[in-house]
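The values are calculated or read from the model by the stated rules, or taken from the named source; none is laboratory data. Remember, predicted model here, so these are calculated numbers, not experimental data. Heads up, the Cβs are rebuilt from the backbone with ideal geometry, glycines too, and the neighbour counts pull from every protein chain shown. Just the protein is used for accessible areas: all its heavy atoms, side chains included, with ligands, DNA and RNA removed. Shrake-Rupley method; radii C 1.70, N 1.55, O 1.52, S 1.80 Å.
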Amino acid sequence: MRKYTLKQFFQDFYLVLILIFLYAPIVTMMVLSFNNTKSRTLWGGFTTKWYSQMFENQAIMNALYNTLLIAFASALIATIIGTVAGIGINSMKKVPRTIVMGVNNIPMLNSEIVTGISLMLAFIAFGISLGFKTVLIAHITFNIPYVILSVMPKLKQTNKSTYEAAMDLGAGPVQAFFKVVFPDIMPGVLSGFLMAFTMSLDDFIITHFTRGAGIDTLSTLIYSEVRRGIKPSMYALSTIIFMTVLVLLIITNFSPDEPKKTAGTISLDESIRRRKRNSNIKRGVLGFATAVIVCVVGFTTYGRYSTKHSNELFVYNWGEYIDDSVIEEFEAETGIKVTYDLFETNEEMYPVIEAGAVNYDVVCPSDYMIQKMAENGLLAEIDFDNIPNLANIDPKFIEMSREFDPENLYSVPYTWGTVGILYNTKTIEERGLPVPEKWSDLWNPEYKGEILMQDSVRDAFMVALKAQGYSMNTEDINELQAAKADLIAQKPLVQAYVIDQVRDKMIGGEAALGVIYSGEMLYIQEEVEAQNLDYSLEYVLPEEGTNLWIDSWVIPASAKNKENAEKWIDFLCRPDIALKNFEYITYATPNKAAKALLDEDMQNNKAVFPDMDKLDNCEVYRYLGDETDAVYNNLWKEVKSN
């Protein structure tokens, strides 16, 4: 028996360490997919409800379908084109072949973001609206070089004399190719197909730049959820994908060996015939399966994306910002087909509308972005005669909207709220820390490592400016420099700069204080109660004032279905619909008729509906111009880099 040496121990230890490093995150994700709560830090019991929700979630199913469809279709087409191109390149003389192969390698060496932007600009220049077809064309385009690279080595190994001999024996060029050449290059063709399929399946950047309204793949859907906090249903989907791949690998690598035959059991001729028959059966099955897949993919693609709707509406909204049943109800009542697409930030939305690559009919930006869009001629005036339900909107919010829409020509308020401080009552009490009442409390050294700040330039500077008594819309460089210095001085106290993760981190008890949007409070209160936590999370509006934000519906100037957009806005202003949306997204509604339908406790929930007299020091963000925006962004970069 060999002695177990210290060297062997460290080798095994290193191997185990690598495996833990690689698979611990995957195991964690799989465990969370069975956690009964949305928290990533607290175990709420075993459940399979996230798997049920995954299959019921139309967005996830559509993204999965699009991912597989685009990957297979683009890989198949790219394989055909790449194989034909490879044959042509292989027949060239040495110098031109070298030049063409060099050109072929450029897309593979080039940054994907350059390829994505270039393709997007090309589509816009040729007047091709972004959508499923542009994503498919883009994937075919970047897959072709990989196929050529896979096929070329096999073409170089083929014997030209064999092909010529087949021609001499009476075979035609096509027959000679498929009988002689194609079997030799088949491994390269299959390798190219698999590589193209994998590249397409995993792509995000090129898809992100070339997709249009209503088109999401798993990569773009997951990306859109990261900034809000990924839902457990995505953990469930990822777990299923991982287990599927794992099972396929096990089947492939551990298939039983063929039983050994004793010599002389069968004749050599019989063995050859059997192998030939088995080979023909395999080819037949493969060919039939390929034909079926091609037909199914072609039919479903045509049926899904070629159908024209004469009565349609393209909506561009924040994620998780409407009850899905509201869309279904609108479609049922009006007969208008809604294509619903998501954006993550105002800054992501603006260039899409500005470029006009996708003609959205109705969009839901925030206050300052509405001002910017109006000043740059990107908005159409709303015909309020088509929106009788506007009477349900509280006049106070119509008046507040004049801060960014002075004549009330372009916008209809949808949700509103404030930015404040969320604090953990138990942590505050146990550590003897003061209850935060002002923005300046976020500079208290006693809170070191317990503060979560918003990873947003305007929100971060709002906190610092308000703490100093300045306007959050200031353009004074001295005030901005002072705010920058304060933010840099605060950094040692900050645990993390995050966005929607403030909610989950505070629920998990990972921090004492967090800057958060008031719209998150209802969810937080319900989650604290559901998890039976031994602490509460309270929300406070700082004494110095804060940001009072309003998200409103607007109609882009490029909208092709303006009347349908106005029907949509009017529908959302109905009290019953506004109530349904409030109960889903939990952000305060400006719809006074809908608020009246809430129970008394909810109407008096000051975290969700603060008293208006406490908002005297609050401001609405204004668009400050590109130059001032650049100043803010540069100062923010200095803060983050220090």
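Tabulated results
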{"item": "Index of the failed condition, MET373 passing every other in (1) open to solvent by less than 10 Å² (accessible area, probe 1.4 Å); (2) farther than 30 Å from ARG503 by Cα; (3) in a loop (DSSP other than H, G, I, E, B); (4) of a type outside the set (Phe, Trp, Tyr)", "result": "(3)"}
{"item": "Check on ILE336, open to solvent by less than 10 Å² (accessible area, probe 1.4 Å), β-branched (Val, Ile, Thr), more than 29 Å from ASN547 (Cα to Cα) and touching a helix residue (DSSP H, G or I) at 6+ places or on another chain (Cβ under 7 Å)", "result": "yes"}
{"item": "Residue among MET101, MET92, MET108, MET167 that alone is surrounded by fewer than 18 Cβ atoms within 10 Å (Cβ to Cβ), without any contact (Cβ under 8 Å) to a residue 60 or more places away in the chain and touching a Pro at 6+ places or on another chain (Cβ under 6 Å)", "result": "MET108"}
{"item": "Members of region 353-370 that are under 26 Å from ASP459 (Cβ atoms) and either open to solvent by 40 Å² or more (accessible area, probe 1.4 Å) or charged (D, E, K, R) (or both)", "result": "GLU354, ASP367"}
{"item": "Residues that are aromatic (Phe, Trp, Tyr) and open to solvent by 100 Å² or more (accessible area, probe 1.4 Å), drawn from region 170-188", "result": "PHE178"}
{"item": "Residue within region 496-512 that is surrounded by 22 or more Cβ atoms within 10 Å (Cβ to Cβ), out of contact with any Lys or Arg (no Cβ under 7 Å at 6 or more places or on another chain) and assigned to a loop (DSSP other than H, G, I, E, B) present", "result": "yes"}
{"item": "Residues located in region 142-162, provided they are in contact with a helix residue (DSSP H, G or I) (Cβ under 7 Å, 6 or more places away or on another chain) and among the hydroxyl-bearing types (Ser, Thr, Tyr)", "result": "TYR146, SER150, THR158, THR162"}
{"item": "Which listed residue, of THR48, THR37, THR41, is among the β-branched types (Val, Ile, Thr), open to solvent by less than 30 Å² (accessible area, probe 1.4 Å) and touching a helix residue (DSSP H, G or I) at 6+ places or on another chain (Cβ under 9 Å)", "result": "THR37"}
{"item": "Qualifying residue in region 124-131 (condition: aliphatic (A, V, I, L, M), surrounded by 14 or more Cβ atoms within 10 Å (Cβ to Cβ), within 17 Å of ILE215 (Cα to Cα) and free of Cβ contacts under 8 Å to residues at least 12 places away in the same chain)", "result": "yes"}
{"item": "Residue check for PRO388: out of contact with any Asp or Glu (no Cβ under 6 Å at 6 or more places or on another chain), of a type outside the set (D, E, K, R) and either free of Cβ contacts under 8 Å to residues at least 12 places away in the same chain or open to solvent by less than 20 Å² (accessible area, probe 1.4 Å) (or both)", "result": "no"}
{"item": "Qualifying residue in region 468-485 (condition: surrounded by fewer than 23 Cβ atoms within 10 Å (Cβ to Cβ), touching a residue at least 60 places away in the same chain (Cβ under 8 Å), under 26 Å from ASN36 (Cβ atoms) and within 31 Å of the chain's Cα centre (by Cα))", "result": "no"}
{"item": "Residues located in region 409-467, provided they are among the small types (Gly, Ala, Ser), open to solvent by 20 Å² or more (accessible area, probe 1.4 Å) and in contact with a Phe, Trp or Tyr (Cβ under 8 Å, 6 or more places away or on another chain)", "result": "ALA467"}
{"item": "Neighbours by Cβ (under 6 Å, 6+ apart or cross-chain): first from region 49-61, more than 8 Å from SER233 (Cβ to Cβ); second loosely packed, with under 12 Cβ neighbours inside 10 Å and not aliphatic (A, V, I, L, M)", "result": "none"}
{"item": "Selection from region 1-48 of residues that are of a type in the set (Phe, Trp, Tyr) and within 13 Å of MET234 (Cα to Cα)", "result": "PHE34"}
{"item": "Any helices (runs of 4 or more DSSP H) falling wholly within region 1-114 and containing at least 2 residues that are farther than 28 Å from PHE197 by Cβ", "result": "6-32, 49-56, 94-109"}
{"item": "Enumeration of residues in region 620-642 that are open to solvent by less than 40 Å² (accessible area, probe 1.4 Å) and not in a helix (DSSP H, G or I)", "result": "VAL620, TYR621, TYR623, LEU624, GLY625"}
{"item": "Counted residues, region 196-246 - those being closer than 26 Å to LEU149 by Cα, open to solvent by 10 Å² or more (accessible area, probe 1.4 Å) and outside any helix (DSSP H, G or I)", "result": "1"}
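Yes or no, residue by residue, for (1) in contact with a Gly (Cβ under 9 Å, 6 or more places away or on another chain); (2) crowded, with 21+ Cβ neighbours inside 10 Å; (3) modelled with pLDDT of 95 or more:
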position	(1), (2), (3)
CYS573	no, yes, yes
LYS580	no, no, yes
GLU583	no, no, no
PRO590	no, yes, yes
GLU600	no, no, no
ASN605	no, no, no
PRO610	yes, no, no
ASP613	no, no, no
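Okay, residues lined up against (1) farther than 25 Å from VAL620 by Cα; (2) in contact with a strand residue (DSSP E or B) (Cβ under 6 Å, 6 or more places away or on another chain):
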| site | (1), (2) |
| --- | --- |
| ASP551 | no, yes |
| ILE555 | no, yes |
| TRP568 | yes, yes |
| PHE571 | yes, no |
| ASP576 | yes, no |
| ASN581 | no, no |
| LYS592 | no, no |
| ASP601 | yes, no |
| ASN604 | no, no |
